[in-house]
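Have a look at the structure below, then the notes.
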Amino acid sequence: MAVTSGPNDLSSEMEVDAFRRLFPLRFHERHLLESLRPDGRPLGRARDTTLMLGAVASANGSAMAKIGSTTMLAAIKMEVMTPTAEAPDEGCIAIEFHMPPICSPLVRPGRPAEVAPVISKQLSDTILSSGMIDLKELCLVGGKAAWMAYLDIYCLDADGALFDAALLSAVAAFSHLQIPVVSLNDDGRIVIISEDNNGGAMKEKEPVNKEKIKLKLKSVPFSLTCVLHKKYILADPTSEEESIMETFLTVVLDSSFQLVSLNKPGGPGLTNSSAIQDCVTLTRQRVKELQKILNEAISDMEVD
Amino acid sequence: MAGKSGSTPATYSPSLSGQKKKRPPVLADSNWVRPDGRTLHQCRPAFLRTGAVNSASGSAYAEFGNTKVIVSVFGPRESKKAMMYSNSGRLNCNVSYATFATHVRGQMPETKDISSMLHKALEGAIILKSFPKTTVDVFALVLESGGSDLPVITTCASLALADAGIMLYDMVTSVSVSCLGKNLLIDPLSEEESYQDGSLMITCMPSRNEVTQMTVTGEWSTPKINEAMQLCIDACSKLGKIMRSCLKEAASITQD
């Protein structure tokens, strides 16, 4: 770990951990000079990513995503609503991002994290504008009943790149979602037909949908957050890196590499636009990785 | 769409057709058959793991059947500015439920009293003198509520405290029993809890043989209470052994 340096540098006399805490920026810049990050990654590489579908039994669709130690649990519960007059044949998606106090020492009960509503808004903008889900698929009976998909994402462990992990878990939860078999009863309410008495219950009312439906997902969005510092671009920052360096750029591309969203939330200005190009290139590579991870998770699920 | 219409339209969760939930008749002499196929005095299989949350000082995950809980421990860290000077440490507990934890979204139980119950269950086991002037925060999130939530939270919290290296007199384990007619059911499911005539919960430190918390609600006869207490205490000591082996395993992994 001992990187030799000039004679007037404190780092030669100090323990690595103490130096890291006292001079975090210099600690990181020393690493950047060697094109390496404190956790051993090259600058452009994201952390190990895992995805598990169906983590929550009480939900209609769910997924747990882990990027490094950042962990997100997303679950969808389907409820029935009366569609609005403007869109009588469309359902609705409500997305909420939560940061419970368990996820980070910075969040305390009663004092919610400031970033949570920001990420919540960003997520619903991204998912709804990407056109991944056709809201018409959520229609049950035109003008009378439609599905309301409540997607709740919980951050279980916050270690940077929260939006990326949250979006991945959200997308995976939608690909795991199974819409239950329901029918319209005489009171005009939607009821679930249980699987075991399917044969016997058929005669009471024709079901609206014959079997469990999976949504057809078009152009699934994936994202990568990068930290820009001087001439360096660091993909998928940890919370330590996020707290030290100031310029972030989140790029969202869909599965055909079309740009869905580009977000730079303030911070110092960019010196050159080629940095943005580089971020997009990194995101393209990342989208390929994430697509593979999602497909593997889906096929693992089907084998079980 | 969430932002399209200003107010969220009223929604409902579709119920199961043709089936009205009725309390199954529990006659005084009939035997209750448990929905998950357990015998009356059999606990659900327990899965415990420490180190679930890296950003916390200590954490644990517990899964008892469908009840799934994560507990993070932070600190000892600076007490709130408004707090008076205190020679002994403080314990702060908070329990919350995920919106999808219950069968119908958003129907979460009141968490204020659960938080204070957790506080009282743990307080007696922690050596508060070992961290003067500071606070230890114990935060729990119930991911899925499948019955016996508070005992699972308490057990998981004590494991998380041990993982954080907070000095304890002993591990804290907790088990509850439901009384249904003439039957005593250990470690009840939420369905069984909704039918119960009475419930008894014991939180204890198994190797010291001390009870830190006991609650009894509903209708009980004295011999039944004695039987239920014995059941709980036996289950607690077994659970204590599982927790110890979980901690030993975690310690041996970090040593390697």
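The values are calculated or read from the model by the stated rules, or taken from the named source; none is laboratory data. Keep in mind it's a predicted model, so treat the numbers as computed, not measured. Counting neighbours? That spans all protein chains shown, and the Cβs are built from the backbone with ideal geometry, glycine included. All accessible areas refer to the heavy atoms of the entire protein, side chains included, with ligands and DNA or RNA removed. Shrake-Rupley method; radii C 1.70, N 1.55, O 1.52, S 1.80 Å.
Less than 11 Å Cβ to Cβ from residue B:86, Lys/Arg counted +1 and Asp/Glu -1: what total charge do the surrounding residues give? Please list the in-between numbers first.
Working: positive: B:90, B:129, B:133; negative: none.
Charge balance in the 11 Å sphere: +3.
What pairs in A:121/A:218; B:81/B:248; A:264/B:80; A:66/B:238 have C-alpha atoms more than 27 Å from each other? Listed pairs above 27 Å: B:81/B:248; A:264/B:80; A:66/B:238.
Here the Karplus curve 6.51 cos²θ - 1.76 cosθ + 1.60, taken at θ = phi - 60°, turns the phi angles of the stretch B:52-59 into couplings of 6, 10, 6, 7, 8, 5, x, 7 Hz, with x standing for Gly and Pro.
Summing +1 for each Lys or Arg and -1 for each Asp or Glu among the other residues whose beta-carbon sits under 10 angstrom from that of residue B:32 gives +1.
Under the convention that each Lys and Arg Cβ holds +1 and each Asp and Glu Cβ holds -1, the size of the dipole of the stretch A:24-127 around its Cα centre is about 740 debye. Taking amide hydrogens as placed 1.01 Å from N in the peptide plane, the amide H of residue A:157 sits under 5 Å from those of A:71, each at least 5 positions away in sequence or on another chain. Anyone know which of B:129, B:120, B:80 comes out most mobile in the 10 Å Cα GNM of chain B? Per the Cα network of chain B with a 10 Å cutoff, B:80 tops the list. Place +1 on the Cβ of every Lys and Arg and -1 on the Cβ of every Asp and Glu in the protein assembly as shown, take the dipole about the Cα centre, and give the residue among A:60, B:237, A:138 whose Cα lies farthest towards its positive end. Result: B:237, furthest along the dipole toward the positive end. Extent along the principal axes, Cα only, for chain A: 88, 41, 36 Å, with the longest axis given first. Taking packing as the residue-averaged number of other Cβ atoms within 10 angstrom, the listed peptides A:285-293, A:25-33, B:231-239, A:70-78 run from highest to lowest as A:70-78, B:231-239, A:285-293, A:25-33.
Helix A:115-129 and the longest principal axis of the C-alpha atoms of chain A enclose an angle of approximately 60°. Shape verdict for the stretch B:33-255, please, from the Cα gyration tensor: rounded (a/c under 1.5), prolate (a/b greater than b/c) or oblate. In terms of gyration-tensor shape, prolate.
Shielding by partners for peptide B:133-140, expressed as the average number of C-beta atoms from other protein chains within 10 Å of each residue's C-beta, is 2.
Around residue B:126, with a cut-off of 11 angstrom between Cβ atoms, what is the net charge of the other residues, counting Lys and Arg +1 and Asp and Glu -1? Around residue B:126, the surrounding residues sum to 0. Taking amide hydrogens as placed 1.01 Å from N in the peptide plane, the amide H of residue B:67 sits under 5 Å from those of B:146, each at least 5 positions away in sequence or on another chain. Show me, for the stretch A:283-289, the HN-Hα J-couplings you get by feeding each phi into the Karplus relation (A = 6.51, B = -1.76, C = 1.60, θ = phi - 60°), rounded to Hz, glycine and proline as x. The phi angles translate into 5, 4, 4, 5, 4, 4, 4 Hz. Take each residue in A:142-149, count the other chain C-beta atoms within 10 Å of its C-beta, and the mean is 2. Comparing mean-square fluctuations of B:110, B:193, B:123 from a GNM of chain B with C-alpha springs under 10 Å, the top value falls on B:110. Against chain A, whose longest principal axis is taken from its Cα atoms, helix A:162-176 shows a tilt of about 30°.
For the residues A:243, A:175, A:219, a GNM of chain A with alpha-carbon springs under 10 Å puts the largest fluctuation on A:243. Projecting the Cα atoms of B:117, B:141, B:164 onto the dipole axis of the stretch B:33-255, where Lys and Arg carry +1 and Asp and Glu carry -1 at the beta carbon, places B:164 farthest toward the positive end. Sequence-ordered 3J(HN,Hα) estimates for the stretch A:22-36 from the Karplus curve with 6.51, -1.76 and 1.60 and θ = phi - 60° stand at 7, 10, x, 5, 5, 4, 6, 5, 4, 5, 4, 4, 8, 6, 9 Hz, glycine and proline given as x.
For residue A:93, the residues whose modelled amide H falls within less than 5 Å of its own, excluding neighbours fewer than 5 places apart on the same chain, are A:149, B:2.
Could you sort A:39, A:187, B:256 by their accessible area in this structure, using a 1.4 Å probe and putting the largest first?
Working: A:39 80, A:187 125, B:256 160 Å².
So the residues, ranked largest to smallest area, are B:256, A:187, A:39.
Over the protein assembly as shown, how many percent of alpha carbon pairs lie in each 20 Å bin up to the one with the longest distance? The calculated distribution, bin by bin, is 19, 48, 30, 4, 0.
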